[in-house]
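The values are calculated or read from the model by the stated rules, or taken from the named source; none is laboratory data. Predicted model only: the values in this text are computed from it and were never measured. Note that each Cβ is placed from the backbone with ideal geometry, even for glycine, and that neighbours are counted across all protein chains shown.
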Amino acid sequence: MSALSPGFADPVLDAQACFRAVLEAMSRPGRVVTAGAALRPPAPLMPAAAAVLLTLADADTPLWSDAGADAEAWLRFHCGAPFAAAPGDAAFVLVTGAPPTLETLQAGTEEKPQHGATLVLQVAGLEPGRGWRLTGPGIEHEHRLAVAGAPDGFIGAWAANHARFPRGVDVVLCAADRLAALPRSVAIAEG
């Protein structure tokens, strides 16, 4: 794959479909949705993560990634986002391996919590109905989400992130062409 390999087949309609998928995932935390685009980004970038970034990142949103030079070139070409030197300097943080700690990412301020970073975290799998117990806004009682390949210590790090609300980091979990969102307002407990 090169930087010139295709992005969205129909940039407007595919970006709109992906935006609706991300909006659905954010408004219903833990719900697994399809990213809405048939992308073939360079490895190790997964289609869902690529679709999220092509939809949300732009020239005004610094991006940091550990996906390597091919993925960085592909993302630069297709979304035009500037690349940050460190994860803490980015609005979007794409992680294909071990993530930086949540407390090192932009958390916004009390006056401008919307400036908190979004972590796009690739995982091995997402399955609703079992696993973590999610509670909070957008969840009537409790939602269950199994995340294969979540980083060690994620639940503890998430608790510290959640405690900073309204400041904090939002997370979009991506597995192949599926995604689930964890807004900073959601509490997570072990299954």
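When every residue of the stretch 23-31 is checked against the conditions, none turns out to be part of a helix (DSSP H, G or I), modelled with pLDDT of 95 or more, under 13 Å from the mean Cα position of the chain (by Cα) and among the polar types (S, T, N, Q). At least 3 residues that are surrounded by fewer than 20 Cβ atoms within 10 Å (Cβ to Cβ) in each: list the strands (runs of 3 or more DSSP E) lying fully within the stretch 76-173 that qualify. Result: 125-135, 143-148. Is there a residue being surrounded by 20 or more Cβ atoms within 10 Å (Cβ to Cβ), at positive phi and in a loop (DSSP other than H, G, I, E, B) anywhere in the stretch 33-54? Within the stretch 33-54, one or more residues are surrounded by 20 or more Cβ atoms within 10 Å (Cβ to Cβ), at positive phi and in a loop (DSSP other than H, G, I, E, B).
Of all residues assigned to the stretch 94-113, none qualifies as being closer than 18 Å to Ala176 by Cα and touching a residue at least 60 places away in the same chain (Cβ under 8 Å). Of the residues in the stretch 160-174, not one is under 22 Å from Pro42 (Cβ atoms) and small (Gly, Ala, Ser). Apart from one condition, Leu23 fits all of (1) crowded, with 19+ Cβ neighbours inside 10 Å; (2) of a type in the set (A, V, I, L, M, F, W, C); (3) closer than 17 Å to Leu182 by Cα; the exception is (1). Residue pairs whose Cβ atoms lie under 6 Å apart, separated by 6 or more positions or on different chains, with the first residue in the stretch 1-21 and under 24 Å from Gly68 (Cα atoms) and charged (D, E, K, R) and the second at pLDDT below 90 and part of a helix (DSSP H, G or I), do not occur. Residue pairs whose Cβ atoms lie under 8 Å apart, sitting 6 or more positions apart in sequence or on different chains, and linking a residue in the stretch 148-168 that is free of Cβ contacts under 8 Å to residues at least 40 places away in the same chain to a partner that is part of a helix (DSSP H, G or I) and crowded, with 18+ Cβ neighbours inside 10 Å, do not occur here. Each residue in the stretch 139-191 was checked for being among the small types (Gly, Ala, Ser) and out of contact with any helix residue (DSSP H, G or I) (no Cβ under 9 Å at 6 or more places or on another chain), and 9 of them qualify.
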